[in-house]
1. Based on this model, can you work out whether Phe643 counts as at pLDDT 65 or above, out of contact with any His (no Cβ under 8 Å at 6 or more places or on another chain), of a type in the set (Phe, Trp, Tyr) and surrounded by 19 or more Cβ atoms within 10 Å (Cβ to Cβ)?
2. Does segment 572-589 contain at least one residue that is over 29 Å from Cys721 (Cα atoms), at pLDDT below 90 and not in a helix (DSSP H, G or I)?
3. For residues that are of a type outside the set (A, V, I, L, M) and at pLDDT 75 or above, scanning just segment 609-629, find the one that is surrounded by the fewest Cβ atoms within 10 Å (Cβ to Cβ).
4. Residue check, Val555 against (1) free of Cβ contacts under 8 Å to residues at least 60 places away in the same chain; (2) under 45 Å from the mean Cα position of the chain (by Cα), all met but one. Which one?
5. Identify the residue in segment 590-608 that is aliphatic (A, V, I, L, M) and more than 18 Å from Asn528 (Cα to Cα) and, among all such residues, is modelled with the lowest pLDDT.
6. Pick from segment 438-456 the residues that are part of a loop (DSSP other than H, G, I, E, B) and surrounded by 18 or more Cβ atoms within 10 Å (Cβ to Cβ): which of them is modelled with the lowest pLDDT?
7. Only one of (1) under 34 Å from the mean Cα position of the chain (by Cα); (2) surrounded by 11 or more Cβ atoms within 10 Å (Cβ to Cβ) is not met by Glu176, so which one is it?
8. What residue, among those in segment 384-413 that are closer than 14 Å to Gln442 by Cα and in contact (Cβ under 8 Å) with a residue 60 or more places away in the chain, is surrounded by the most Cβ atoms within 10 Å (Cβ to Cβ)?
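The values are calculated or read from the model by the stated rules, or taken from the named source; none is laboratory data. All of these numbers come straight from a predicted model, not from anything done at the bench. When we count neighbours, we look across all protein chains shown, and the Cβ atoms used for this are built from the backbone with ideal geometry, even at glycine.
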Amino acid sequence: MIKTPPESWAIKFAKFVDKIGPIKVSVLFVLFTLFVTTAGSFGVRIALGREFESEDFISSIVLVLITAPWVLYFFSELIKQLEHSRTNLGEAVEQLERLRRHDVILNRELQNNIRQLNYEIEQRKNAQLERESMFAKLEQEIKEKSEQEIQARRLSTLTRSIIDASPDLIYYRNEEGRFAGCNTVAEDLVGRSEEELLGLTPHEVYEEDLASQVAASDHEVLETNAPITEELWLKFADGRRRYFEMRKVPFFDKDGHRLGLLAFGRDMTERKQSQLAVEQASKDKTKFIATISHELRTPLNGIVGLSRMLRDTNLNKEQHEWISTIYASAITLGNIFNDIIDLDKLDREKVEIQIKTVTTMSFINEISSIIKLLASDKGLTFNYKVIEPVPVTFEADGTRLRQVLWNMLFNAVKFTPKGSVSLTMSSVIHSESQAEITFTIQDTGIGIESAQLDKIFAMYYQVQREDFQAATGTGIGLAICKQMVDKMGGEINVNSVLNEGTCFEIKLPVTVTNKSPDVEELRVTGLNVLLVEDIELNVMVAKALLEKLGQHVSVAMTGQEAIDMVKETTYDLILLDIQLPDMSGFDVAKTLLEADLVLSTPIVALTANVIKKHDEYIRNGMDDVIAKPVKKSRMIRVFNELFANDILVDESIENEPQAMSPVVIGKVEKDVLDADLLTMLVETIGEGMIAASLQVFEQKIPEYMELLNVALAADDKDEVCSQAHKIKGAAGSVGLSRVQSTANSIQQGDHPAWWENVHEWVEQLNQAIDQDVLALHEWINQNKIED
């Protein structure tokens, strides 16, 4: 801002003139001039020493009056112009000041604009640098992406080449189940190119049965989001059939969204064929072993029996030694047969532990009687001892346990040149129902080196001693014993001192029963019984048993026939088979109950189905259940429970059936024949009826087996199970326990691995029928059975 200088007198005078006006200033100026002129003239006169004259005064006044106004006017105008000029100049100065201030503001704005422009220029430079940097990065990314795309194309080509070169079947389908891609194996399979397959469903590509199976497994994968594995036969377009193991998995994008499923299929035809060949070889081996065992065991049993009888006749010392050697050799050979059969079962994992009640003293005496003979033949002493307390009876697989003890006692006798062999049984009672029994087998034989103790339970291992030459053996006995004891939940321990002897200790946990079976007597006879059963053999056996028990029996072969007979006749008891040809036993019972035809007649179910609970039969209208094959003891118990309070006696029967003399039954292979049932049948229906029943079985079984095999070839599971049920019932009626057990396995159609095992079961059933019927004939012929 410009600093204003102080005002001069002229400016102040001009402002004064301008303030009071020019006229007033003129008057004042005239008066002041007159005064100054007059005073001057007077002063001059005085100074000159002259007197003041009036003319001087008047002349001054006139002169002033003449000149002063013009002078004053001139000066007034001049001053006025000067004042106007000053005013204009002031206004110009103010204008200049305003312009200066405006210029300052503009200058400031210009400077701000310049600074802003410089900042924007800097920003634009930075943006340009960033843009150039981004362009450089973009160029690098484009370059890298181009390289990645090239690499991806290479990898895609490589992957596609690998997929197409793979011998495996590969395809993938989208969420809708339509083909989205495949490899060349898949193209060969269906006879179409990948382009032709795109968008097609399995039903448009495969045969209907296969398409349904494939679509079902695809649906399972997509429903559960879990991979699955399945095996199936696939037919190629050229007619070839190959067995594939298919692995199906869901696949997702990087964000986790499912895109469909991916399937891999490996051609397992060769492996399947090898597996089938191995299975067939195993079956052939099993069949061969079973055949050889059966063919050799029959004459061997004759040798054992005859040699034992010959030992009891009058023989000289040399003859007695010969026959004792024959007897011991036959017993040893029989145990080798058992070992071979069990070895085959162990290889196929078919050994089953069957728990039954074992009577302690009878069990020990049976084993000891044979070992005592073998020991005496070698001049050895055999001792056995039972250290009390031991259970009177216990639950165990007596057959397997007997085989284990025989094997180990035979070895003890074989490897003991002189001295003794002993068997000791003891037990630790843990509770009323649980105990641990211990069998200790001690000998004074050659012993076993400590280095060989860990090897004796190995398969085919035999102790080699140069100073001792034992009888030949297979080397599998102890290995089988170890596995058998392990399966029964026990353990075997061994201690031995070389040239002093060996001690084997077998510990086995068992359930204590300590109960002797009570024989219940029938307290009711003369009942009018309706037997509803469709298998002729079962009818024959059950009818004979009922009649031997003093009952009157009517027979119905179908459910409708039973209903019709109940409408016409009132029966005291109905024995109702559950599985009938036209309807189930439950349906028959429901019809009879709804029609009020059995208000006072008990209905007892006859069933081979041991899976259902007792309460299920009661809820379906039954009063009780009797399991097949029908046991005399169970029949008597049910009759007494139902009719004990209202005993009916048939007057035509003079006396109740007299107690029959005990039947002498020879040793029976428990896995083959049901000795308890056969004993009961002999005591009730007699030897002749057993033979007649067996004849009926032989007549009916070819028909049943033919129907079963036809149904199996047609993959008709229900019919296979139905025929197996009939075979099971028929076999149970004549005591063919192995046939019954095998048929029962075939009957269980809900078994998770039924299809995988049924062919083998049928093969076993055929073998069992061929062999066990002969065994039953031999049992009937070789044993003295008194009716």
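1. No.
2. Within segment 572-589 (the criterion being over 29 Å from Cys721 (Cα atoms), at pLDDT below 90 and not in a helix (DSSP H, G or I)), the answer is yes, since at least one residue qualifies.
3. The residue in question is Arg619.
4. The single condition Val555 does not satisfy is (2).
5. That would be Ala608.
6. Ile456
7. (2) is the only condition that Glu176 fails.
8. Restricting to residues being closer than 14 Å to Gln442 by Cα and in contact (Cβ under 8 Å) with a residue 60 or more places away in the chain, the top hit is Ala412.
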